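Please treat every number below as a calculation from the coordinates, not as lab data. Everything numeric in this text was worked out from a predicted model, so none of it was measured. Here the Cβ positions follow ideal geometry from the backbone for every residue, glycine too, while neighbour counts run over all protein chains shown.
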Amino acid sequence: MVQKKIPMRQCLGCREMFPKRELIRVVRSPEGTLSLDFKGKAPGRGAYLCGKSECLKKARKSRAIERALGVAVPEEVYEQLEQQMEQEGAHGE
Ligand SMILES: [Zn+2]
């Protein structure tokens with residue numbers, strides 16, 4: 001049997017490693033715009049958050065996403081992230 005390697009990525013808030021698909025991905029498109037990527041397949045450079053609201057707060061405060069992607073993060077992107085995390089919390093996962 002071939003063991004599949006699970007791609008791991010680091011959360012920018014808590015700095016822990018998680019399986020890529022459990023993380024929320026913020027992607028910078030080749031055009032330089034930021035968006036949330038729910039399928040993990042959008043082209044471009046990604047930054048990851050594990051979905052805890054405190055990690056979002058930490059990443060926001062330390063500008064970790066800006067530093068990881070090299071672009072300014074618009075307020076809307078943080079708002080989308082907040083909404084996404086609230087939704088995930090509501091589903092109890
Ligand atoms: Zn985290």
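Pairs from the table (LYS4/LYS57; LYS4/LYS61; LYS5/LYS58; LYS5/LYS41) lying more than 26 angstrom apart at Cα are LYS4/LYS57; LYS4/LYS61; LYS5/LYS58.
For the chain, CYS14, CYS55 stand unpaired, since no other cysteine beta carbon lies under 4.7 Å from theirs.
About its Cα centre, the dipole of the chain is roughly 600 debye, where the only charges are +1 on Lys and Arg Cβ and -1 on Asp and Glu Cβ. Computed extension length for GLU31-GLN10: 5.1 nm, one decimal, from 0.36 nm per residue of separation with the Cα-Cα distance subtracted.
By a straight-distance test (C-alpha under 18 Å), which aspartates and glutamates pair with LYS20 as possible cross-link partners, with residues fewer than eight away in the same chain excluded? Excluding near neighbours in sequence, the set is ASP37, GLU88, GLU93. With K and R counted +1 and D and E -1, the other residues having a Cβ less than 13 Å from that of VAL71 yield a net charge of +2.
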